[in-house]
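Each reported figure results from applying straightforward, stated rules to the coordinates on display, with no laboratory input. What you see is a predicted model; the values in this text were computed from it and never measured. Backbone-built Cβ (ideal geometry, glycine too); neighbour counts: all protein chains shown.
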Amino acid sequence: MKQFILATNNANKAAEIQAIFNGKFEILTLSDVGIDIDVSAVEDGVTFEENAVKKARAVAALTELPVIADDSGLMVDYLGGAPGVHTKTYAGEFATDDENIDKLLAALDGVTFDKRCARFVCVIAVIQDGETLTFRGECEGKIWHEREGAGGFGYDPIFYYPKYDQCFGTLPPHVKNVVSHRAQALLQMRKHL
């Protein structure tokens, strides 16, 4: 089975990607292969594509295995696309998911539901055999007024997905792993490879 190093130590992200690949590839985290690097240190790009490629290159310089890196985030139309590439650090450099959610809900306080359009965006960068490819996936939804469910991670509890009339925080993982932004980008990657 072909192995890819995922440029992260985020176990949730690795498990989600492994599930989306459904056994087609083996996903190893940085700690699985003994690479000690903080890939978030290179996330200074202005686009998801820039950040994904920078992370992939930083890891590829340390291994001969193919590398997958992603940069993903939430874009809210009413906020001009914010938090965007700053999704993880929206409420500060060391903010928790709850602090980020609280700041976003406060920024949308009083905004009617019809104006809360948003999308999750994920860009996957793959480096193998000296070639760099990117794949972009998006998932359209809206920002709910309060947290719903305890599933997923990040902004999932407030990301309302109209097709299932519920937030990602309440969707079963096997459903989210088919419709999410990350799933869309990874499915493109899987088809290409």
*Treating the angle as unsigned and between 0 and 90°, give the value, to the nearest 10°, between the Cα long axis of helix 181-192 and the longest Cα principal axis of the chain.*
30 degrees
*Where the centroid of each part is defined by its Cα atoms, how far is the stretch 1-35 from the stretch 87-122 in Å?*
27 Å
*Let me know the longest stretch in the chain that avoids all GluC sites (Glu not before Pro) found in a DSSP loop with at most 10 other C-beta atoms within 10 Å.*
1-63
*Output ³J(HN,Hα) for the stretch 121-126: one whole-Hz value per residue in order, computed from phi by the Karplus curve 6.51 cos²θ - 1.76 cosθ + 1.60 with θ = phi - 60°, and x for Gly and Pro.*
10, 9, 10, 9, 10, 10
*Measuring from the lowest to the highest alpha carbon on each principal axis, how far does the chain reach, largest first, in angstroms?*
51, 31, 24
_0 to 90° range, to nearest 10: angle between helix 11-21 axis and the chain longest Cα axis_ = 80 degrees
*Could you give me the ³J(HN,Hα) list for the stretch 138-153, computed from phi with Karplus coefficients 6.51, -1.76, 1.60 and θ = phi - 60°, whole Hz, x at Gly and Pro?*
9, 9, 8, x, 9, 8, 6, 7, 7, 5, 10, x, 10, x, x, 7
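DSSP loop trypsin sites (Lys or Arg not before Pro) in the stretch 1-54 with at most 15 other Cβ atoms within 10 Å of their Cβ, which ones?
Those satisfying the criteria are Lys2, Lys24.
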*Taking Cα atoms, how many degrees apart are the long axis of helix 48-60 and the longest axis of the chain, rounded to 10 and kept between 0 and 90?*
30 degrees
_Quick one: 3J(HN,Hα) in Hz for the stretch 93-110, Karplus 6.51/-1.76/1.60 with θ = phi - 60°, rounded, Gly and Pro as x._
4, 10, 5, 7, 4, 5, 5, 5, 4, 4, 5, 5, 4, 5, 5, 9, 4, x
